[in-house]
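Everything below concerns the one structure shown next.
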Amino acid sequence: MAFQIPRGTQDILPGEVEKWQFIEEKAKDICRRFQYREIRTPVFEHTELFLRGVGDTTDIVQKEMYTFLDRKERSLTLRPEGTASVVRSYVENKLYSDPNQPTKLFYIGPMFRYERPQQGRYRQFVQFGVEAIGSNDPAIDAEVISLAIEFYKSLGLKSLKLVINSLGDRDSRIAHRDALIRHFEPQIDEFCSDCKERLEKNPLRILDCKKDRDHELMKTAPAILQYLNDESSSYFSKVKQYLTDLGIDYVVDSGLVRGLDYYNHTAFEIMSEAKGFGSITTLCGGGRYNGLVEDIGGPDMPGIGFALSIERLLAALEAEKIQLPLEQSIDCYVVALGEQAENRAVTLLHECRKSGLAAEKDYQNRKLKGQFKAADRLHAKFVIVMGDDELQKGVANVKEMATGEQLEVSLNELVSYIQNKS
Ligand code: HAM
């Protein structure tokens, strides 16, 4: 019986995994520069956390969670996103009492959503996300957005579009909610059963409905921006001003509501505009979530963050035909001929590796030509050839593959010779 990988998941094989490593290193480097520190939380949490955090009227919670009972009948869920977990950890570990505020964190890890798999949509995908908790300064909204943009640009992406909106504060949202109810209520019978439920619980979610998205009332629905009070409006203006100061282009889309319940004030998405990019163009999404820390049992601390998936980033790189500058070569390949030389090759290889060189030898009993071919396939910079004769003289023949230059080098000096040249 042959086993198959579960639907919506993927193996990342050598050859491809180097791209992931490169991207993850870039993410870590940008976080170092922007001063976000890594946090690692478990891949499963108590289900209640996501009901509370993400919101029980969202598609994620209603349709997409991998929820299971453990042996003690506790309901656990594979995390569908990172923000709720980070905030849980922030509260549980009292990170708010650290004098260094805001608390700026980042994470890279797998998330799980039971979605219909298609290009750019997986059931297990890896998010790189950041969260800045503890500041209400609009400059931090601009910082978070600029971090995402800088990250994409550092990888060479050009066809990016930043879309922003403000969902306002509590009062603005209440005013908007009432307007939405007034708008949809008279014709709610023409909407799906989910939307009927949403009208009562969370009418904003109606705007997110995939089934009813072509209904005429969707196009004429009241936009949140018309309901922002002065404070929310002024906050949004400051965020926009900072983006302009940072030279970041954006468009305002009052229809951008995001699919998770914890947002208020700034909401944003970054899309790919590359030709040939699939139908799902959102690369990154985020926003402000003042109130979430309190909902999860912590003090009243504001927060903002974003998450983006590496899968969609890779698709965008492909659409823009960007090759990542991956290191594909190794420093040296040891070719040994004869039994004694074979034995010495094992220790020589180990010496090379201990000194930090990427080194390999043959384990397939290949002939000389086959070993050179193997060295070629690995893009070895140097090939060290050692026969029993050389061994007796205490030397090896070193060939620099780029120039074809060959030199006899003493075995004692071999490692430092290659280190100096590579
Ligand atoms: P989200 O919009 O649900 O937000 O997801 C963020 C990003 O994760 C998306 O823009 C997309 O790149 C990626 N993504 C989502 N679902 C999938 C999928 N099925 N397959 C591949 N990639 C996917 C959040 O998750 C929030 N926690 C973001 C955030 C952080 N807001 C504040 N802080």
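Values as computed for the structure displayed
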read-out	value
Answer from TYR107, TYR114 - the residue that is open to solvent by 30 Å² or more (accessible area, probe 1.4 Å) and within 10 Å of the ligand (Cβ to nearest atom)	TYR114
Hey, GLU18 without any contact (Cβ under 8 Å) to a residue 12 or more places away in the chain, over 30 Å from ASP295 (Cβ atoms) and in a helix (DSSP H, G or I) or not	no
Selected residue [under 18 Å from VAL252 (Cα atoms) and in the same structural domain as GLY286 (by TED's automatic domain parsing)] from LEU155, LEU160	LEU160
Enumeration of residues in the stretch 331-346 that are closer than 14 Å to ASP388 by Cβ and open to solvent by less than 10 Å² (accessible area, probe 1.4 Å)	VAL335, ALA336, ALA341, ALA345
Test set (1) under 32 Å from the mean Cα position of the chain (by Cα); (2) over 26 Å from LEU324 (Cβ atoms); (3) free of Cβ contacts under 8 Å to residues at least 12 places away in the same chain - ILE164 fails condition number	(3)
Count - residues of the stretch 198-255 that are open to solvent by 90 Å² or more (accessible area, probe 1.4 Å), in a helix (DSSP H, G or I) and at pLDDT below 90	3
From the options ARG79, ARG40, ARG32, ARG7, residue that is modelled with pLDDT of 95 or more, closer than 30 Å to CYS195 by Cα and under 19 Å from the mean Cα position of the chain (by Cα)	ARG79
Helices (runs of 4 or more DSSP H) (entirely within the stretch 287-391) containing at least 1 residues that are of a type in the set (D, E, K, R) and within 16 Å of the ligand (Cβ to nearest atom)	292-295, 310-319
Qualifying position, being surrounded by fewer than 17 Cβ atoms within 10 Å (Cβ to Cβ) and within 15 Å of the ligand (Cβ to nearest atom), among GLN101, GLN119	GLN119
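The values are calculated or read from the model by the stated rules, or taken from the named source; none is laboratory data. These numbers come from a predicted model, not from an experiment. Cβ sites come from the backbone with ideal geometry, for glycine too, and all protein chains shown count toward neighbours. The accessibility values were calculated without ligands, DNA or RNA, using every heavy atom of the protein model including side chains. Shrake-Rupley method; radii C 1.70, N 1.55, O 1.52, S 1.80 Å.
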